[in-house]
């Protein structure tokens with residue numbers, strides 16, 4: 001990962017040390033681990049890795065997954081019982097607009113589909129090895 005990433009984090013969060021330090025801990029964690037081990041980072045994992053509270057985790061996740069940084073890529077999965085399937089952001093956007101999501105395997109509408117959609121993160125485009 002480019003040292004430029006660290007410089008941007010330092011500058012952008014100069015006045016918010018908790019978010020800055022949390023971002024830097026996440027960047028260090030990503031750098032220290034093989035890309036294959038980072039394919040599925042949950043919100044809880046980001047909270048644990050960053051060592052910051054809820055509001056700061058949200059800020060750092062948005063920041064590190066933004067187009068400018070590209071350290072993390074936000075992803076979604078549908079979990080229903082033992083069935084798990086990745087959900088493309090465009091499909092989820094459309095489902096939210098229509099208020100209807102169809103089970104990827106069965107093709108039937110899913111009641112309360114939001115309770116079956118989970119967000120997670122993977123290494124983004126600026127992480128080496130892509």
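The values are calculated or read from the model by the stated rules, or taken from the named source; none is laboratory data. Since this is a predicted model, take the numbers as computed values, not measurements. Neighbour counts are summed over all protein chains in view; Cβ atoms, including those assigned to glycine, are modelled from backbone coordinates with ideal geometry.
Residue by residue, here is whether (1) closer than 22 Å to residue 41 by Cβ; (2) surrounded by 10 or more Cβ atoms within 10 Å (Cβ to Cβ) holds:
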| site | (1), (2) |
| --- | --- |
| 95 | no, yes |
| 100 | no, yes |
| 112 | no, no |
| 118 | yes, yes |
| 121 | yes, yes |
| 127 | yes, yes |
| remark: When every residue in region 106-130 that is in a loop (DSSP other than H, G, I, E, B), at pLDDT below 95 and touching a strand residue (DSSP E or B) at 6+ places or on another chain (Cβ under 8 Å) is compared, the one farthest from residue 77 (Cα to Cα) is 129
| remark: If we keep only residues of region 36-72 that are under 19 Å from residue 4 (Cβ atoms) and surrounded by fewer than 17 Cβ atoms within 10 Å (Cβ to Cβ), then the residue nearest to the chain's Cα centre (by Cα) is 66
| query | Restricting the search to region 78-92, which residues are surrounded by 15 or more Cβ atoms within 10 Å (Cβ to Cβ) and closer than 20 Å to residue 123 by Cα? | reply | 78, 87
